[in-house]
Amino acid sequence: MEREKRRTEQRQQIRRSAAAPALALALMVVVLMILLEALGLDDIPYVNVTSQVRGSIYDAEGNLLEEDLSPISWVVQENESLVVTVPLPEKAPFPHSNALVFSAYNADLTVLCGGRELLREALPPHRLSGNRLLRCDIPDYAWGGNLIVKIATRERLTTSYDTLLFLMPSEDVRLYPLIYDAVPILLFMAIAVLSMLMFLYTLLLRLLQRKREGEGIYLFLFCFLLSLWYLGCRLALYVVSMNDAFNATAEYYAVYLAPIPAMVYFCKVTASRRFRLFCRILAIAFSVNAAAMFAVSLSPAPWTMSDLIFTVRTLLGIMLAGFIVRAVQVRHLAPSPEKTILTGLAVSAAITLIEIPAIAIRNRTGVPEIFRKVLNFDYASVGILLFISVLLISYVNRLQEDLAFRIHERELEHFAFEDPLTGIPNRQSLIRQLKEIEEPPLDLTVVFLDVDGLKKTNDSQGHEAGDLLLTTVADCIGRAAGKIESAHLFGRWGGDEFLVFFEDGDAAGSFMARLQEEINAVNASGKIPFAVSVSAGLQSMQGEDGTRYSIEEMIRRADARMYEVKREHHRQRET
């Protein structure tokens, strides 16, 4: 029965983990589609010439290896080059200037027309570059002819070029990334901005030494870097910067740095010591590799960056394997933030990996149009967005659990340090507050109060009447103390005894006068069926002979004086 209940809770947790991000994404997509239409970004002028181009692959000596290849087949091996022929229409499709726009990874590029060089892009040696947006302005004489695009691989890399080639007005080139990916790009831009703001906020709270765990710092930094990497892959940073080098560099830096805060975050949320050690080791390894990558990119080195890329891929493979093992370990455990994240990671990875066979199939000839539309769906964006959403929602859920726990702690503290009958601080609360006084002033004075006739009231009229007597006296003490500015603290010491502390003896005397006024007002009102009176004893921290007493001794002496007054009251009633 207990096992079935636990499984039901786990299924509900999984549904919540999947449903909440899906609903959030659906709502954001609807809002962004409305925004895109309002801004006119859903009608960007372009002509897609991708299906018309063909490519040929040559080896290092210039020998032809393959020819007449469609873009989906452009896989360029080490020391090979790709030559692409782009046929141009007879007339320019747009008024004014036109440009050929496409993207490329880690390659030296040259664009020719009729033997004339229109564009040359070459990167420094030993330096990798992410996805770059390349534009080649087309001169008037080129229309009706062909553009020749030569792409040479960099640093022993094997690269596939799955790019779209568009003819666009030159002034609209920066909008190229938004033609097919406007909604996901705007979504990731929003996530990147929010993540950076939350990162700075949580970092500021940590620097101010607030009592909060620091995992939010690493979570929001990871979400920001992951979003930055995605935006770089989709050339979205060019939209805001118009600098392809910035876009490419930011993409690479983000992908090398993102695993570091991710591993640190998992160190903080996992309950397994072994998995925590695994994450720490990976965090150190990713940090060392990133530092080496930056060092090589900033200065020439005798070895290539391809070796470091292989290290990154190896570390990512080890990380994924470790996550799989950990996911298997926690599958039967109770719902937890760690299990939610691992479940979200598994679902997100499965969705993202659909992109690989989709890319290989969608551009092949003979694929029905309805299946081509399904294969053109952006599975990678959905998978990454879902994972980020699961991370953020898991973090929010954890904050809510922490908040509920702290509220519960405050309630327990409230019950532990508050008298349940009168609602004023109890003996434990007074003792704790008195211990917090580092250097009590010499004029500190305590008034020790005892309710007269409580036992008699309990015996003759019942304990409810006795409780009413105590709460009435407590209310009178509270009102009287509230009128004295130097009243330090007060509370119920126990039974029918109350203590009130003042910063000086004059204030204690004023309090006694105020208290008597409150008691007289209660007795005159006739609202309670008995008379209220108290006995009081006062004692300052410094005695009349100049002796300085401890707080405990001061209370004991005030108690003794109170009993003297009480005995006097008793003798007066007998006479």
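The values are calculated or read from the model by the stated rules, or taken from the named source; none is laboratory data. Here the structure is a predicted model, which is why all the values come from computation and not from measurement. Don't worry about glycine lacking a Cβ; one is built from the backbone with ideal geometry, like all the others, and counts go over all protein chains shown.
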Review point. When only residues in region 241-293 that are β-branched (V, I, T) and assigned to a helix (DSSP H, G or I) count, which is nearest to W229 (Cα to Cα)?
Key: V255
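The rows are residues; the columns are (1) touching a residue at least 12 places away in the same chain (Cβ under 8 Å); (2) in contact with a Pro (Cβ under 8 Å, 6 or more places away or on another chain).
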position: I185; (1), (2): yes, yes
position: L203; (1), (2): yes, no
position: G214; (1), (2): yes, no
position: S227; (1), (2): yes, no
position: F246; (1), (2): no, no
position: K268; (1), (2): yes, no
position: R276; (1), (2): no, no
Study note, to complete from the structure: Heads up, the strands (runs of 3 or more DSSP E) in region 56-111 (entirely inside) with at least 3 residues that are on the phi < 0 side of the Ramachandran plot and crowded, with 20+ Cβ neighbours inside 10 Å are 81-87, 98-105
**Study point:** Hits in region 276-301 - residues which are hydroxyl-bearing (S, T, Y) and either modelled with pLDDT of 85 or more or touching a Phe, Trp or Tyr at 6+ places or on another chain (Cβ under 7 Å) (or both)
**Key:** S287
Review point. Which number in (1) of a type in the set (A, V, I, L, M); (2) under 20 Å from K566 (Cβ atoms); (3) without any contact (Cβ under 8 Å) to a residue 60 or more places away in the chain marks the one condition that L538 misses?
Key: (3)
Practice item. Check Y563, Y549 and return the single one that is hydroxyl-bearing (S, T, Y), surrounded by 13 or more Cβ atoms within 10 Å (Cβ to Cβ) and either farther than 24 Å from C476 by Cα or in contact with a helix residue (DSSP H, G or I) (Cβ under 6 Å, 6 or more places away or on another chain) (or both). Key: Y549
Review point. Can Y252 be described as crowded, with 21+ Cβ neighbours inside 10 Å, more than 26 Å from T343 (Cα to Cα) and in contact (Cβ under 8 Å) with a residue 12 or more places away in the chain?
Key: yes
Check your understanding: Which residues, taken from region 480-535, are over 22 Å from E436 (Cα atoms), among the basic types (K, R) and modelled with pLDDT of 90 or more?
Key -> R514
Review point. Among the residues of region 197-212, is any assigned to a helix (DSSP H, G or I) and within 30 Å of E121 (Cα to Cα)?
Key: no
Point to revise | Which listed residue, of Q539, Q572, is more than 29 Å from Q428 (Cβ to Cβ) and out of contact with any Asp or Glu (no Cβ under 8 Å at 6 or more places or on another chain) | key: Q572
Check your understanding: Does A513 satisfy the condition of being within 54 Å of the chain's Cα centre (by Cα), of a type outside the set (V, I, T), in a helix (DSSP H, G or I) and under 29 Å from M554 (Cβ atoms)?
Key -> no
Check your understanding: Any idea which of A558, A507 is in contact (Cβ under 8 Å) with a residue 40 or more places away in the chain, surrounded by 15 or more Cβ atoms within 10 Å (Cβ to Cβ) and closer than 17 Å to R479 by Cβ?
Key -> A507
Check your understanding: Out of region 402-430, which residues are over 29 Å from D496 (Cβ atoms) and either surrounded by 12 or more Cβ atoms within 10 Å (Cβ to Cβ) or in contact (Cβ under 8 Å) with a residue 60 or more places away in the chain (or both)?
Key -> D402
**Study point:** Any chance T304 is hydroxyl-bearing (S, T, Y), modelled with pLDDT of 80 or more and assigned by TED's automatic domain parsing to the domain that holds S287
**Key:** no
Check your understanding: Mind checking whether some residue in region 266-273 is over 29 Å from T343 (Cβ atoms) and not assigned by TED's automatic domain parsing to the domain that holds L342?
Key -> no
Practice item. Being part of a helix (DSSP H, G or I), out of contact with any Phe, Trp or Tyr (no Cβ under 6 Å at 6 or more places or on another chain) and farther than 18 Å from A283 by Cα is the filter here, so list the residues in region 213-236 that pass it. Key: L228, W229, G232, C233, A236
Practice item. Considering each of L237, L203, L197 in turn, give the residue that is modelled with pLDDT of 85 or more and crowded, with 22+ Cβ neighbours inside 10 Å. Key: L237
